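**Q** A single structure is presented below for examination.
The values are calculated or read from the model by the stated rules, or taken from the named source; none is laboratory data. Note that this is a predicted model, so its numbers are computed, not measured. In this analysis, Cβ positions are derived from the backbone assuming ideal geometry, glycine residues included, and neighbour counts consider all displayed protein chains. Surface accessibility is based on the protein's heavy atoms, side chains included, excluding ligands, DNA and RNA. Shrake-Rupley method; radii C 1.70, N 1.55, O 1.52, S 1.80 Å.
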Amino acid sequence: MSNGVLQGAGLSPSLFSVYIDDLIDSVLDCGIGCFIDDVCMAILAYADDMVLLAPSRQALDKLLELCVALAAELDIVFNVKKTVIMVFPARKNQQVPEPSVNLYDKRLNVVQEFKYLGHIIEPLLSDKKDIERACRSFAKMCNMIIRKFSGASIASKITLFKSFCCNLYGCELWRYENQRTLLSKFATVFHKGMKRLVGLPSRSHNNALAVALNLFTFETLVAYRKLNFFNRFRICSNNIVSVCVEGSRISYDCDTIVDDLELPLDIIRAPKKFDIRCVLKGYIKRRAHGTVEWADND
């Protein structure tokens, strides 16, 4: 292949997927790497960002050798500077020696954190640094809106707040049960930013303000994204996603959220019967009025 498309062209992802499919299929068919049940998880790929999952250093060496050989046939060279290794210990306090793994005869660095597709991953699968990243990002965007659009109308500010501050990318993967203290601090920052946006004192009632501005509180925003994500996750036909559903951390977190917020149980297992957004908006209104009891028509 001697001709390509311009960088950023709409056709690039589709063409690259076709181009790289043979490499991915060959890695999955080799029988080396991590498995869940009988589904091979040896390689995960999003465009040209690839992850190899191996149970041992020897298995990782074999996967790298295979990838290098297949890439050579496709005239592809992996970037050694951007390729790193992360070791996931089986137990929290387990001391794991740093493995020596080479790519193109150059030793790869072993890291203690890595940002993959915008989400910070750590060896012990802690969400601490990713939550801190999201909190910093929120504070930065909220302060920018307050500073640059101080003269705008309340409606315009709310629209900007929804677009730039309510994304909370990656919150669907946070461990809800294990990060309550950190999430509570994030919630304080979120609600203070919401009040500063409309010029209200910090002691204003969070739920009443959310009702007035037609916004989610921090807790309900996280719940909304997690519940929506889990419902899409649950009905997905992808075999890798399907094998991860039952007994997953996401399922457990959704159950915890439903218990904490006193939501109807059907919101998890029967998403078509409930509009998640309306249910959570109803919860905020009840909190604003001092009750979370559910009426019969909910």
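**Q** Which parts of segment 64-93 would a label at F35 reach, counting a residue when its backbone N lies under 19 Å from a point 7 Å out along Cα-to-Cβ?
**A** 64
**Q** How much net charge surrounds F216 when only other residues with a Cβ under 11 Å from its Cβ are counted (Lys, Arg +1; Asp, Glu -1)?
**A** Neighbour charge sum, excluding F216 itself: +3.
**Q** How big is the chain by Rg and Dmax over its Cα atoms, in Å?
**A** Cα only, the chain: 23.0, 68 Å (Rg, Dmax).
**Q** Please list, in order along segment 152-157, the HN-Hα scalar couplings obtained from phi with the Karplus expression 6.51 cos²θ - 1.76 cosθ + 1.60 (θ = phi - 60°), rounded to whole Hz, x for Gly and Pro.
**A** The phi angles translate into 6, 6, 4, 4, 5, 4 Hz.
**Q** Grab the Cα-Cα distance for D22 and N143, subtract it from 0.36 nm times how many residues apart they are, and report the gain in nm with one decimal.
**A** Additional length available on full extension: 38.9 nm.
**Q** For labels at S156 and L265 in the simple 7 Å Cα→Cβ model, what's the distance in nm?
**A** 5.0 nm
**Q** On full extension of the chain, what length is gained from R196 through L74, given 0.36 nm per residue of separation minus the C-alpha to C-alpha distance?
**A** 38.5 nm
**Q** Within segment 106-122, what residues put their amide N at less than 19 Å from the label point 7 Å along the Cα-to-Cβ vector of K185?
**A** The answer is 113, 120-122.
**Q** Okay, next question. Quick check on my link table: of K162/K195; K192/K226; K129/K157, which ones sit more than 21 Å apart, alpha carbon to alpha carbon?
**A** K192/K226; K129/K157
**Q** Between K285 and F229, what is the label-to-label distance in nm when each label sits 7 Å out along the Cα-to-Cβ direction?
**A** Taking the two extended label points, one gets 2.8 nm.
**Q** With a 1.4 Å probe and every protein chain left in place, work out the accessible area per residue of the chain in Å², rounded to a whole number.
**A** Normalised by residue count, the accessible surface of the chain is 60 Å².
**Q** Right, another one. At 222 nm, what helix-only mean residue ellipticity would the chain give, in deg cm²/dmol to the nearest 500, using -39500 (n - 2.57) for each DSSP H run of four or more?
**A** -16000 deg cm²/dmol
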